[in-house]
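Right, one structure below, let's go through it.
The values are calculated or read from the model by the stated rules, or taken from the named source; none is laboratory data. Quick caveat: nothing in here was measured; it's all calculated off a predicted structure. Here the Cβ is made from the backbone with ideal geometry for all residues, glycine too, and neighbour counts use every protein chain on show.
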Amino acid sequence: MRKPLIERLEMDLLIERPGESPVVVEIKTDNGAAAIQQGLGQLLLYGGLYRRHPEGSVAELILLIPNRLPSTHVAQVLAEYGVRVLTYEDLDPPVFSREFLEICRLSEAAA
């Protein structure tokens, strides 16, 4: 896992998975409309820049928001852009879903 800087823009998280597409993760601390819109824009931009980077490739895009998923309609629109929405529990420390940990190829013990 790392936070690469491409074109002076820093991704929240890039997860490299040997033999698989990497995962670009945008993490939001709010699950409101503005945060979702901002996250979508950031993921589309970062994903496109990473794809064009000499060391880059096509990446899976994940928007990680706290506590609850957006409406089905919003999630469907995000999916049309290739963005998968997952949640985390906004605790101290945060608690990530099993699904997110599996995508990252991490175990719960490592989180």
Near pairs, Cβ below 6 angstrom, 6+ apart or cross-chain, from segment 88-111 (among the polar types (S, T, N, Q)) to any residue that is in a helix (DSSP H, G or I) and modelled with pLDDT under 90: none
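Considering each of Val74, Val95, Val85 in turn, give the residue that is buried (at least 16 other Cβ atoms within 10 Å of the Cβ) and β-branched (Val, Ile, Thr).
Values: Val74 fails: buried (at least 16 other Cβ atoms within 10 Å of the Cβ); Val95 fails: buried (at least 16 other Cβ atoms within 10 Å of the Cβ).
Going through Val74, Val95, Val85 in turn, the sole match is Val85.
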Test set (1) over 13 Å from Leu14 (Cβ atoms); (2) of a type outside the set (Lys, Arg); (3) exposed (fewer than 12 other Cβ atoms within 10 Å of the Cβ) - Glu55 fails condition number: (1)
Qualifying residue in segment 18-41 (condition: of a type in the set (Lys, Arg) and exposed (fewer than 15 other Cβ atoms within 10 Å of the Cβ)): no
Test for Gln37: is it more than 24 Å from Val95 (Cβ to Cβ) and without any contact (Cβ under 8 Å) to a residue 40 or more places away in the chain: yes
